[in-house]
Amino acid sequence: MESIRDKVAIIGMGATKVGELWDKGSEDLVIDAAFEAIQDAGIDSKEVQAGWVGGVSATQGLNGALKLSYVPVSGVENACATGGEVFRSAALAVASGVYDIVIAAAAAKQKDAGTTGITMQGDPSTLGMEAMIHNGAVPLHFALYATRYMHHYGLTFEQLKRALGRIAVKNHHNGTLNPKAYFRKEITLEEAVNAPLIAWPLGLYDCCANIDGGAAAVITTPEIARKFRDDYVVLKGLGLASGWREGRISPRYQFLEFPENVLAAQIAYQQAGIVDPMQELSHVQLHDAFTVNELVDYEDVGIAPRGKGGDYVLEGRYDLEGTIPVNTDGGLKCTGHPVPATGLKMIYECYKQCQGKAEGRQVKNIRYSLAHNQGGLTGSFSTICTVFSPRD
Amino acid sequence: MGSIRGKVAIVGMGCTVAGERFDASQEDMIVEAGFEAIADAGVETKDIQAAWFGCNSVSANHALLNWSLKLGYKPMTKVNNGGASGADVLRHACLAVASGTFDLVLALGIEKATDAGFTAPGEGGRAFGGEGHVGPESLFTELRVPAQYALYATRYAHQYGLRPEELKEALARIAVKSRRAGARNPRAALRDEITLREALESPPIAWPLGLTDCCAVADGGAAAIVCTPEVARQLRDDFVLVEGLGQASGGREGQLAPSYSFSGLPETALAAERAYLMAGVRDPLRAVGHAQLFDAFTLLEFLACEDLGLAPRGQAAARLQAGFFDPEGELPTNTDGGLLANGYQPGGTGLRQVYESYLQLRGRAGPRQLKNVTRSLVQTQGGAAGSFTSLVQLFTTRD
């Protein structure tokens with residue numbers, strides 16, 4: 001096994017504005033995101049040799065929309081980590097040496113689905129303990145981690161809510177600085193803490209919204225990237241870990257961490273040569289589908305010691321001006337969760353930060369930027385961690 | 001663009017019995033194919049570094065694979081490419097090994113269609129989700145699958161001046177050939193031979209295609225252990241090398257362009273060109289000793305032969321009648337019975353086709369074994385009329 005470090009570069013990215021996009025179909029979103037990426041890369045669409053997509057059909061969703069002439073296209077899925085997986089598949093293909101320039105694109109059109117969140121279809125073959133987890137709405141899954149976190153670290157309800165609320169306040173502030181965000185308003189800690197409950201202890205501001213959106217990346221080798229632009233971005237590490245239901249069948253499962261996160265981050269850091277993430281990471285995008293998800297992620301990816309995530313966020317360490325700014329684009333909290341596209345949207349922010357083009361939310365002196373994209377359900381997640389650096 | 005040749009090997013495979021598997025769940029079939037492949041490769045589950053999974057009938061992610069095999073917290077990915085999902089699963093595994101990131105990985109695909117409550121794709125709803133299609137496009141998206149391929153059959157007959165009886169007889173001969181091969185394959189879904197007369201008189205499904213011209217939707221799947229040639233050498237003497245991976249995906253050209261021929265699949269021709277280039281094959285007819293073609297419908301075997309350069313345009317029927325594609329002929333095709341005898345399992349079909357190549361190249365195909373096969377071709381496709389994804393994969397015996 002070798003590292004993927006320095007074998008793959010991003011030369012162009014696009015992301016649509018997210019929101020309730022009643023005037024767009026999923027193919028429109030693919031077109032908007034992909035042509036922004038192609039234009040940003042400064043290539044001709046004829047130069048794309050292969051494609052990967054999420055959220056739309058493989059054969060027609062990309063080539064049918066973009067009219068890329070007969071290039072090979074594949075669809076990949078990894079639940080809420082589909083966007084990260086689309087990127088990963090494209091990156092592995094470039095690293096294989098078989099393709100030079102490829103595209104990764106994804107789009108979600110969830111508002112047309114007639115639901116306001118991810119519907120959980122009870123699998124009739126799922127019984128007992130498993131059914132509780134399998135058939136519960138998503139906020140319930142993450143509430144299990146929140147209550148356990150409180151219990152284990154001896155936090156009161158108020159203490160936990162303050163920490164979670166602070167995450168929402170931070171992400172809402174960052175969202176106001178991102179023209180492509182969905183929610184673009186500040187909230188106060190008071191509002192966050194007192195918001196209506198969704199799944200105790202999670203309230204309205206602890207949950208992200210499922211909305212429409214698309215994102216795309218043009219990926220190549222660093223050698224080719226040099227020909228197209230000076231400020232390409234280099235992939236340094238790529239880790240994926242997938243659960244096997246441990247959390248549903250093992251009484252030892254802690255509900256205090258996501259083992260998939262820990263492993264995926266470890267692999268990515270090892271490939272990138274990162275020894276101390278707390279010192280070396282300059283910018284981080286975490287999968288904050290729920291604020292408690294971001295809280296646990298701090299600890300899983302090693303930017304807070306266990307049990308200290310709440311203190312650290314309250315101290316402002318993850319603010320734009322903090323030591324490691326987290327979710328500078330507003331996170332899923334403010335840019336929503338267009339499920340198959342979310343991972344690519346997170347990488348879009350890493351890309352802009354590495355290029356120094358994140359405008360009002362730019363982090364200074366980026367060395368390593370991490371995107372953490374997590375999919376699945378309680379006890380069995382798939383997490384993809386990607387580490388990027390500006391070109392050397 | 002580079003080649004995959006010399007970078008990837010297959011060291012183990014497993015394949016379920018196909019059919020109406022009311023005795024097995026999805027998980028059971030994953031275990032059946034997966035552990036056979038693992039045992040065949042002589043590895044342990046802990047040696048598998050990553051996995052790719054195909055199963056069109058479950059959504060979301062890889063989870064079913066890891067839940068069934070308990071491979072631990074390894075990277076896993078679900079691949080979707082319509083009817084070509086199984087073939088694309090193998091392609092992803094090969095690309096990942098070629099990238100150097102992984103040394104030994106698993107590619108597995110299954111489908112469990114009989115429990116889904118329908119007997120064919122598209123029944124009880126639109127075949128391909130026809131989201132908001134109107135006008136000429138809806139003609140394709142609203143048509144059942146046999147009706148889509150019937151369009152190619154009638155056009156093929158017209159183009160090459162075949163009378164309806166001639167076309168029917170040529171198609172029937174493919175059905176007879178595949179079912180004869182299926183009868184010799186203990187893992188096939190349909191193991192009864194049929195006569196030419198039975199094929200000719202089978203009830204029409206979508207004229208000119210009759211019942212025996214259409215494959216059945218069946219349960220089943222297959223798995224492969226894919227690794228670098230260096231690792232393969234340590235595991236077994238008779239591994240198989242991946243020599244070419246060609247793929248082409250349409251963008252609805254056939255649904256939009258008046259010039260679309262309906263007498264061949266440009267996707268297959270291009271995928272073949274790419275695979276041959278990678279493998280350094282100049283004359284496929286001489287170079288390929290065995291071929292597994294996507295015969296979901298009999299006619300598709302003709303189109304594939306011509307698109308792949310295994311028969312001149314319009315000549316596939318004549319070649320078939322002359323016994324060219326029989327097990328004793330110059331270029332045996334679908335020696336496992338093809339989809340016509342093994343059924344259609346979109347998540348697994350491509351891998352099941354490769355399973356036969358894997359056996360043939362290693363001399364392990366039992367009563368179906370061909371002599372002196374050193375290069376085998378597998379063609380798989382998914383999609384709908386006018387817009388397919390086609391994969392052409394080339395395999396050789398170890399050097």
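Legend: Rg and Dmax of chain B, from Cα coordinates, 19.5, 59 Å.
What fraction, in whole percent, of alpha-carbon pairs in the range A:276-340 exceed 15 Å separation? Don't skip to the answer; put the middle values down first.
Numbers: 995 of 2080 pairs.
When every Cα pair of the range A:276-340 is considered, 48 percent fall beyond 15 Å.
Label separation (A:K364 vs A:T323): 1.7 nm, computed from points 7 Å beyond Cα along the C-beta direction. Across all Cα atoms of the range B:132-271, the radius of gyration (one decimal) and Dmax (whole number) stand at 19.7, 58 Å. Note on chain B: GNM, Cα springs under 10 Å; of B:T268, B:T389, B:T114, the largest mean-square fluctuation is that of B:T114.
Work out the FRET efficiency for B:T195 and B:D115 from their Cβ-Cβ distance, taking R0 = 25 Å, and round it to the nearest 0.05.
That gives a FRET efficiency of 0.15.
Take every pair of alpha-carbon atoms less than 8 Å apart whose residues are at least six positions apart; their mean separation over the length of the range A:312-381 yields a relative contact order of 23 percent.
Please give the contour-minus-distance gain from A:A113 to A:S45: 0.36 nm per residue of separation, less the Cα-Cα distance, rounded to one decimal in nm.
So the chain would gain 21.4 nm between A:A113 and A:S45.
Measure out, as a whole number of angstrom, how far apart the alpha-carbon centroids of the range A:355-392 and the range B:299-323 sit. Distance between centres, Cα-based: 52 Å. What does the charge count around B:A93 come to, taking other residues whose C-beta lies under 13 Å from its C-beta (Lys +1, Arg +1, Asp -1, Glu -1)? Within the 13 Å Cβ shell, the charges total +2. For the range A:188-340, the Kirkwood radius over C-alpha pairs fed into Stokes-Einstein at 4 °C and 1.567 mPa s yields D = 73 µm² per second. Taking amide hydrogens as placed 1.01 Å from N in the peptide plane, the amide H of A:G54 sits under 5 Å from those of A:A105, A:A106, A:A107, each at least 5 positions away in sequence or on another chain. Once you put a point 7 Å from the Cα of A:D311 and another 7 Å from the Cα of A:K67, both along the Cβ direction, what distance in nm separates them? That separation, rounded to one decimal, is 6.1 nm. For chain A, a Gaussian network of Cα nodes joined below 10 Å ranks A:L29, A:L177, A:L295 by mean-square fluctuation, and the top entry is A:L177. Counting Cβ atoms of other protein chains within 10 Å of each residue's Cβ and taking the mean over peptide A:98-104 gives 3.
When the inverse distances between all different Cα atoms of chain A are averaged and flipped, the Kirkwood radius reads 20.6 angstrom.
Of the residues A:P277, A:A289, A:T328, the one whose Cα sits farthest towards the positive end of the charge dipole of the range A:263-351 is A:A289 (charges of +1 on Lys and Arg Cβ, -1 on Asp and Glu Cβ, taken about the Cα centre). Dipole check for chain A: with +1 at the C-beta of Lys and Arg, -1 at the C-beta of Asp and Glu, and the Cα centre as origin, the magnitude is about 180 Debye.
Exactly which chymotrypsin sites (Phe, Trp or Tyr not before Pro) in the range A:1-78 are in a DSSP loop and have at most 12 other Cβ atoms within 10 Å?
Numbers: sites: A:W22, A:F35, A:W52, A:Y70; in loops: A:W22, A:Y70.
When the chymotrypsin sites (Phe, Trp or Tyr not before Pro) of the range A:1-78 are filtered for loop state and at most 12 Cβ neighbours within 10 Å, A:W22 remain.
Taking A:K357, A:K17, A:K345 in turn, the Gaussian network model of chain A (Cα-Cα springs below 10 Å) assigns the largest fluctuation to A:K357. Label point of B:R282 set 7 angstrom out along Cα-Cβ; within the range B:223-253, amide nitrogens under 19 Å from it belong to B:244. Computing FRET efficiency as 1/(1 + (r/R0)^6) for A:D230 and A:F35, where r is the C-beta to C-beta distance and R0 is 22 Å, gives about 0.50. Averaging the Cα positions of each part gives two centres, and for the range B:1-75 and the range B:153-199 these lie 32 Å apart.
Amide H contacts of B:V217 (H built 1.01 Å from N, in plane; Pro and chain starts excluded): B:Y344 sit under 5 Å, all sequence-distant by 5 or more or on other chains.
Please compute the net charge surrounding A:G175, taking Lys and Arg as +1 and Asp and Glu as -1 over other residues with Cβ under 12 Å from its Cβ. If you can, show how the numbers build up before the last one.
On the way: positive: A:K170, A:K180, A:R184, A:K185, A:K333, A:R361; negative: A:E186, A:D288, A:D329, A:E349.
Around A:G175, the charge tally is +2.
Fully extending the segment from A:E20 to A:I249, taken as 0.36 nm per residue of separation minus the present Cα-Cα distance, adds 78.6 nm.
Using the Cβ-Cβ distance between B:Q159 and B:A322 with R0 set to 30 Å, the FRET efficiency works out to roughly 0.90. Along the charge dipole of chain B, pointing to its positive end and built from +1/-1 on Cβ of Lys, Arg, Asp and Glu, which listed residue (B:A175, B:I10, B:H158) has its Cα farthest out? Farthest towards the positive end: B:I10. Taking the three principal axes of the alpha carbon atoms in the protein assembly as shown, the coordinate ranges are 82, 52, 49 Å, sorted in descending order. By the Cα gyration tensor, the range A:307-392 has an equivalent ellipsoid whose semi-axes, rounded to whole angstrom, run 21, 18, 13 from largest to smallest. Each peptide in B:155-163, B:83-91, A:325-333, A:43-51 gets a packing score, the mean of other Cβ atoms within 10 Å over its residues, and the list from highest to lowest is B:83-91, A:325-333, A:43-51, B:155-163.
All of the numbers you see were taken from the coordinates with simple rules; none came from a lab. Since the structure is predicted, the reported quantities are computational estimates derived from the model, not experimental observations. Note: ideal-geometry Cβ built from the backbone for every residue, glycine included; neighbour counts use all protein chains shown.
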